[in-house]
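Enquirer: Can you read through this structure? Questions will come right after.
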Amino acid sequence: MSNNVKKELRFEFGANWQSYLDHNLSPERIDQARQHLLSFIGREDLRGLRILDIGSGSGIHSMAAFQAGAAEIVSFDYDAESVMATERLHAMCQSPENWLVMQGSVLDPEFMKSLGQFDLVYAWGVLHHTGAVWSAIDLASTCVKTGGLMYIALYDSDWSAESPEFWCDIKQRYTASSAMVRRMYEAWYVARFVLRYNPFRLGYLFRYAREYKKNRGMDFYHDVKDWLGGWPMEYTRIYEVIPFLQTKGMRLLHTKIGELNKEYLFSSHKKQDDLSHFSELKIPNIVKWNVISIRDEKDFPALDLTKLTFIYGAGKGGSLVKEMLNKINIKPEAFITTTISQSEIHDGLMVLSLEKFMENYVDNVQVIIASGSFDYISFELANRGITNFFNAYPYVLSRL
């Protein structure tokens, strides 16, 4: 298949959303979507706010914003059927004049400029499907008014045991396949990544699918199709997204892992503005990370044998990394954790608090993160001037 053909492949997101509306939309799911949105931005409602929903998809989050009292909502999507899906929900709300549904592209500078600026710009799981993720993030940020918020979710490659190349290949194959072959891919995905080829996990699968609506009001089966077929697609990392938006004058307030999507809340507030209703993250205004991901055994030789090695994360992930280090004749000095006030022992090694580590070990050291909280750990390290380290959480995921 030529590169030109690959670039023309595009998953029919809108058809999937139309199916979702036909079979799964309910007041309960809309309520879940509203609660998720409000909880993440730390508000009880959206009264008085102008909201931009980029890549509105099914329209459920625009509808949630409308029900949360938004003063004005502008929803747009590149996909025509997604626009039709959003229009269906707009009609269900009696076609309110303060909710505008449009077709457009986040990659079109003139279109984005024509929209004006907003109190909240929302783009959940969208910008990485444009084929030009950094341009999409940049143009989306231009629509945030001074004092406004930007809530985005992007696929983070460090939250995957498999490489970006693996998933990009799967997505292209799925999107180019017939309906029958797609069903085979879907069965494979469930068997491998949910059941883990263990039939005794069927009960877990049914419970997981039944409770899935609590995840932003979404549906498990439609999200599986959306994940497998989500092409075009580009991965990002927190170590790229945060510095990129910091250079655009944005400040990070909050992050959260949401499956493969990493959720971010940024603000265009100035330092002197009151943000007391947010537990704002402490992070340098401009942070420059140099973080190497460790995904499998062949990545471990990137470690420097001349430096003292510390594993950040004293749980099961830390033990898995310690086991691998022992195989390649690296004896880690200790574990680091932020959850203890005094030193203790885990898996035969001393466990140090971050403060104790900083007091005693500064020079000639290397840190390997082995925790799913790698975002907050990275922030803690950056606040202490440590921006060069390793993130072995992809390796941990591959062994769990």
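The values are calculated or read from the model by the stated rules, or taken from the named source; none is laboratory data. What you see is a predicted model, and the numbers here were worked out from it, not measured in a lab. Here the Cβ positions follow ideal geometry from the backbone for every residue, glycine too, while neighbour counts run over all protein chains shown. Side chains are part of the model used for accessible areas, which takes the heavy atoms of the whole protein and leaves out ligands, DNA and RNA. Shrake-Rupley method; radii C 1.70, N 1.55, O 1.52, S 1.80 Å.
Enquirer: Over all alpha-carbon pairs of region 1-96, lay out the pair-distance distribution in 5 Å bins, whole %, shortest bin first.
Expert: Percent of pairs per bin, in order: 3, 13, 21, 23, 16, 10, 5, 4, 3, 1, 0.
Enquirer: Which label marks the calculated value of volume of the Cα convex hull per residue in Å³, given the options (1) 151; (2) 136; (3) 161?
Expert: Computed from these coordinates, volume of the Cα convex hull per residue in Å³ corresponds to label (3).
Enquirer: Which whole-number value in Å² is the accessible area per residue of region 276-357, probe 1.4 Å? Don't jump to the answer; show the numbers that get you there.
Expert: Values: 4570 Å² over 82 residues.
For region 276-357, the per-residue accessible area is 56 Å².
Enquirer: Let me have the 222 nm mean residue ellipticity of the chain computed from DSSP H runs of 4+ only, each contributing -39500 (n - 2.57), with the sum over all residues rounded to the nearest 500.
Expert: Working: 16 runs with 157 residues, N = 400.
Taken over the chain, the calculation gives -11500 deg cm²/dmol.
Enquirer: Given a Förster radius of 30 Å and the C-beta distance between S373 and M180 as r, what FRET efficiency does 1/(1 + (r/R0)^6) yield to the nearest 0.05? Working shown, then result.
Expert: Working: r = 41 Å, r/R0 = 1.38.
The pair S373/M180 has a calculated efficiency of 0.15.
Enquirer: Using DSSP to call loops (not H, G, I, E or B), can you name the GluC sites (Glu not before Pro) in region 67-124 whose Cβ has at most 14 other Cβ atoms within 10 angstrom?
Expert: Numbers: sites: E72, E81, E87, E97, E110; in loops: E97.
Within region 67-124, the qualifying GluC sites (Glu not before Pro) (loop, at most 14 other Cβ atoms within 10 Å) are E97.
Enquirer: Moving on. Pairs of Cα atoms under 8 Å, at least six residues apart: use those to get the relative contact order of region 2-104, whole percent. Intermediate results must be reported in sequence, preceding the final value.
Expert: Details: 160 pairs, mean separation 28.7, N = 103.
Relative contact order here is 28 percent.
Enquirer: Taking springs between alpha-carbon atoms closer than 10 angstrom, which of L52, L303, L37 fluctuates most in the Gaussian network model of the chain?
Expert: Of L52, L303, L37, the Gaussian network model singles out L303 as fluctuating most.
Enquirer: Sticking with this one: Suppose we take every Cα in region 179-320 and form the convex hull; what volume per residue is that in Å³? Working shown, then result.
Expert: Values: hull volume 30.1 nm³, N = 142.
Looking at region 179-320, the number lands at 212 Å³ per residue.
Enquirer: Determine the distance separating the Cα centre of region 145-188 from the Cα centre of region 34-103; give it in Å without decimals.
Expert: Region 145-188 and region 34-103 have Cα centres spaced 24 Å from each other.
Enquirer: Return the long-range amide H neighbours of N391 (sequence gap of 5 or more, or a different chain), with a cut-off of under 5 Å between placed amide H atoms.
Expert: So N391 has HN proximity to I292, S293, I294, I369.
Enquirer: Shifting gears a bit: Rg and Dmax of region 282-400 over Cα atoms: what are they, in angstrom?
Expert: Using the Cα atoms of region 282-400, the pair Rg, Dmax is 13.2, 39 Å.
Enquirer: Pick out which of N16, N290, N198 has the largest mean-square fluctuation in a Gaussian network model of the chain, springs linking Cα atoms closer than 10 Å.
Expert: Top of the fluctuation ranking is N198.
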